[in-house]
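What follows draws every value from the coordinates through simple rules; no lab data is involved. Remember, it's a predicted structure, so these values are computed and weren't measured experimentally. As a convention, Cβ positions derive from the backbone with ideal geometry for all residues, glycine included, and neighbour counts pool all protein chains shown.
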Amino acid sequence: MILREYQPDDCKELAALFYNTVHTVNARDYTKEQLDVWASGTIDLEQWNKSFQAHDSIVALEDNIIIGFGDIDKTGYIDRLYVHADYQGNGTATAICDRLEQVVSGSVTTHASITAKPFFEKRGYRVIKEQQVERQGIFLTNYVMKKDRNIPVI
């Protein structure tokens, strides 16, 4: 597996990976109705590209195929972390998250899905609160999670 920085040409492929991952991996924890409003299949690629470029964004590849991606903003918020359904459990999310966490010196936060919550808990994140996020009148459960990092000042 190779990790590299996001490139604007990746955006369309990342949007497809996002859609497919949500509709397969997250299907065990959310209803079809919830999945459809979470990942509708219509993403503003220009906005996503701007967001990826404004954040530290990492893409994971295997045999030149994008198998995962993630991004973190300057405040330490992990916005997106998605791994292709066929590459779940092989260390891809861990490698991406390791790289993202190195970008910031303080604590790291995320809004984790029901599906992703155990992954983040194993990494030392704790649940700050459970919340219901509304999208088009449909509610989805997720968790505000935080990892406190004590980075020594040299």
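Each stretch of four or more DSSP H residues adds -39500 (n - 2.57); spread over every residue of the chain, this sum gives -9000 deg cm²/dmol at 222 nm.
To the nearest 20 debye, what is the magnitude of the charge dipole of segment 2-104 about its Cα centre, counting +1 on the Cβ of each Lys and Arg and -1 on the Cβ of each Asp and Glu?
120
Stretched out straight at 0.36 nm per residue, the stretch from ASP86 to GLU134 would grow longer than its current Cα-Cα span by 14.4 nm. Could you list the residues of segment 105-141 with an amide nitrogen less than 17 Å from a label point located 7 Å from the Cα of THR31 in the Cα-to-C-beta direction? Taking a point 7 Å out along Cα→Cβ of THR31, the residues of segment 105-141 whose backbone N falls under 17 Å are 114, 132-141.
Applying a threshold of 26 Å to the alpha-carbon distances of LYS74/LYS129; LYS12/LYS74; LYS74/LYS147; LYS32/LYS129; LYS74/LYS146; LYS12/LYS122 flags LYS12/LYS122 as lying beyond it.
Full extension of the chain between THR141 and ALA54 gives 28.6 nm of extra length, using 0.36 nm per residue less the Cα-Cα distance.
Segment 57-102 and segment 1-44 have Cα centres lying 12 Å from one another. Only one residue of SER57, VAL103, SER113 has its Cα farthest out toward the positive end of the dipole of segment 6-123, where Lys and Arg carry +1 and Asp and Glu -1 on Cβ, and that residue is SER113.
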